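Just so it is clear, none of the values below were taken in a lab; they were calculated from the coordinates. Note that the structure is a prediction, hence the values are computed from the model and not measured.
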Amino acid sequence: MDRNSIRAKVAVLGLVIIVSAFCVAFSTHASKRASVEQTNLEASALFGKDCATCHGKDGKAKTFKAKLNHARNLTDGKWQAEVTDERLSNSIRNGKGKMPAFGKKLSDSQINALVAFVRTLKQ
């Protein structure tokens with residue numbers, strides 16, 4: 001084989017490796033994005049089922065039950081800035097005030113997804 005033939009094969013091999021790496025990275029990114037979207041949908045459903053009764057579907061706590069129980073407006077920007085994810089997680093897991101504990105009903109991943117969902121309610 002001559003040098004040009006070897007160089008051409010090395011160049012093609014390098015291009016194949018780069019394209020393969022790009023495809024793997026893209027598919028991993030697409031898979032993670034689909035996983036995040038699925039988690040968001042599940043968190044939204046959990047919120048609607050377990051939290052919206054008091055906090056309202058929009059998180060603004062404008063329901064009768066919210067007023068009766070003094071539920072927090074989860075959309076309040078000042079509150080969102082002050083509260084940590086750890087505190088939100090703890091409140092969901094162990095309850096707070098009149099809010100019931102969900103630690104035995106929800107998994108850690110569900111609680112984490114709810115924390116992330118609550119963050120999306122910020123105005």
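Does region 57-123 come out rounded, prolate or oblate by the C-alpha gyration tensor, with a ≥ b ≥ c the root eigenvalues, rounded set by a/c under 1.5 and, if not, prolate when a/b is larger than b/c and oblate if not? Oblate. Pairs from the table (Lys67/Lys96; Lys67/Lys104; Lys60/Lys105; Lys65/Lys122; Lys98/Lys122) lying more than 18 angstrom apart at Cα are Lys67/Lys104; Lys60/Lys105; Lys65/Lys122; Lys98/Lys122.
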